[in-house]
Ligand code: 6R9
């Protein structure tokens, strides 16, 4: 574990954290698993044949001629094939005799609920598809969707998919200018929205934001409005109400097949800088990989599982693992409209108990929040239905993983840490719950059919025990096809750092067994006395202290070491802030990772700045650590957080 000599290593990231805990798959789960270890060998023997078998799980109107056409970095999958995504997600299950099966148990934040069977979903999607056609939306047209987490959101997405219109879902927390720029970039014809949704106990308006955005977007012909909260809204000439136009449509609609490479949706990612990128996903490859990974990674048994992904549908996790993957597999899912603390901090566990949820997929940020709120809250609920737990969005700290296993999974449920991105469309690196002996904090291995590696800055594969850049070396079915309207930016952003390899922008390491650990965005890596140290490892070391619930670290300019590590920590519910906490934590990190990783400064803060999808925004913390005025906070979930943190500065506990 001794740090390498500065300057001599070719690897890009130090490997500091040691983790020896292992969790083998439960025997009964392994014995009945959808996917076994054989899948790795099968995919290694013939990768394209493996993906062909995955594609054959879907219903094709016309089978493809060529599995992959690869004109690097542009791919086409299942070329010549035709299928309809909405048919696969809905009609197929009704025709198979499962019309009465529940597709979605929907729970509103105020406690209202709706149950939609596959037959109900078919009627609703057909009516919405007919309404879109009446509104002049046709194949290839773009539809912006700006909605709360209500059933009309997946219904709208499926209606677009059905008629071959391209949806662009914009997260309901974004501002009018963010919505406007996304409408403009995609040149959308229609916006689908709602008067508002419920958040933190109150109706929260959406329609005024749409009105503001579309005042300047001449491409928008209509705004289709669902009434959710019945709050008062301005009504403009181009507005059409869902109740008026959708409800009077026929519930019959013939789903025409679309080309396998027909665009399915655009989803914008902001990244760290610049104009948002419109990530483009297409039809056949995307549905193949979302459906297969949902079947494999969550071991979904459509007849007995109740599956809940807590993400917002406005993010890729919701697209792939609330809408397309689960529906293609005929799953029964739960959708929840609101926040985990409304009306009380046990709301998630109340839902697990109420719906007897068997598979739960959530984010490390949520898990750390639950740790902070205290173990006693989940302990009040019956969680015995759970059998698999998933994590996505950020590296999961080993301590958060172990807490999740113990306090939510009662040591019975494997935890699958799933690495992927908006750009990859579907899960790429993850344990398989019936195969892998999990290590807390590790995403373990690329899934069968995925070829990923860790390379040094020259693009050479690092040996086991080494750290560097994560890359994907072969095309995969659900990969982004381009950035909407900007092929050159697609090439520059993802394919120019390493020749012939996809570079996602994340750091990673291979441990002694060759298993993969994600180490955060390479933009966040700290350079301390010549060592590249990942934020993830230091944060995980801090979270492994019994008093710490959450931590964020950044590198701040330092006259002696180049950069020095500055840590922001949130204490657990039970922990008291004491005078020696900073010394304690600094020593704890030094003991866990080595003296090189010892933070210069520890700040105890009440909150951390996060994006609306829960990722920590270290850029803003760097501003605080370097005493600059804080930069652009428009993508923060709560813009007041930075004031709370800055107030803590004078009392900064620094030692040397
Ligand atoms: C699905 C999603 C992608 C970025 C990605 C990485 C981080 C996601 C992770 C993870 C470590 C995991 N990320 N899952 N890091 N372990 N299991 O989150 O998509 O919003 O596009 O973010 O999130 O940094 O590059 P997206």
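The values are calculated or read from the model by the stated rules, or taken from the named source; none is laboratory data. Remember, it's a predicted structure, so these values are computed and weren't measured experimentally. Every residue, glycine among them, receives a Cβ derived from its backbone with ideal geometry; neighbour counts consider all protein chains shown.
Here are 49, 61: which of them is within 19 Å of residue 291 (Cα to Cα), surrounded by fewer than 16 Cβ atoms within 10 Å (Cβ to Cβ) and touching a strand residue (DSSP E or B) at 6+ places or on another chain (Cβ under 6 Å)?
Details: 49 fails: touching a strand residue (DSSP E or B) at 6+ places or on another chain (Cβ under 6 Å).
Just one listed residue meets the conditions, 61.
Residue 604 fails exactly one of the following numbered conditions: (1) buried (at least 18 other Cβ atoms within 10 Å of the Cβ); (2) at pLDDT 95 or above. What is the number of that condition?
(2)
So, of the residues in segment 297-321 that are within 13 Å of the ligand (Cβ to nearest atom) and out of contact with any helix residue (DSSP H, G or I) (no Cβ under 7 Å at 6 or more places or on another chain), which turns out to be farthest from residue 198 (Cα to Cα)?
So, considering only residues that are within 13 Å of the ligand (Cβ to nearest atom) and out of contact with any helix residue (DSSP H, G or I) (no Cβ under 7 Å at 6 or more places or on another chain), the one farthest from residue 198 (Cα to Cα) is 297.
Scanning for something away from the ligand (no atom under 16 Å from the Cβ) and not in a loop (DSSP other than H, G, I, E, B), does segment 422-441 turn up at least one residue? Give the steps one after another, and end with the answer.
Start the filter on segment 422-441 by keeping residues that are away from the ligand (no atom under 16 Å from the Cβ), which leaves 434-435, 437.
Add one more test, that the residue is not in a loop (DSSP other than H, G, I, E, B), and what stays is none.
So far as segment 422-441 goes, no, none of its residues is away from the ligand (no atom under 16 Å from the Cβ) and not in a loop (DSSP other than H, G, I, E, B).
Here is a check on your reading of the model: is residue 41 closer than 19 Å to residue 264 by Cβ, at pLDDT 95 or above and either assigned by TED's automatic domain parsing to the domain that holds residue 290 or not in a helix (DSSP H, G or I) (or both)?
Details: closer than 19 Å to residue 264 by Cβ: no; at pLDDT 95 or above: yes; either assigned by TED's automatic domain parsing to the domain that holds residue 290 or not in a helix (DSSP H, G or I) (or both): yes.
Considered against the rule, which asks whether it is closer than 19 Å to residue 264 by Cβ, at pLDDT 95 or above and either assigned by TED's automatic domain parsing to the domain that holds residue 290 or not in a helix (DSSP H, G or I) (or both), residue 41 comes out as no.
Look at segment 220-270 and say how many of its residues are without any contact (Cβ under 8 Å) to a residue 24 or more places away in the chain and in contact with a helix residue (DSSP H, G or I) (Cβ under 6 Å, 6 or more places away or on another chain).
0
Does residue 192 satisfy the condition of being assigned to a strand (DSSP E or B) and either touching a helix residue (DSSP H, G or I) at 6+ places or on another chain (Cβ under 7 Å) or surrounded by fewer than 20 Cβ atoms within 10 Å (Cβ to Cβ) (or both)?
Yes.
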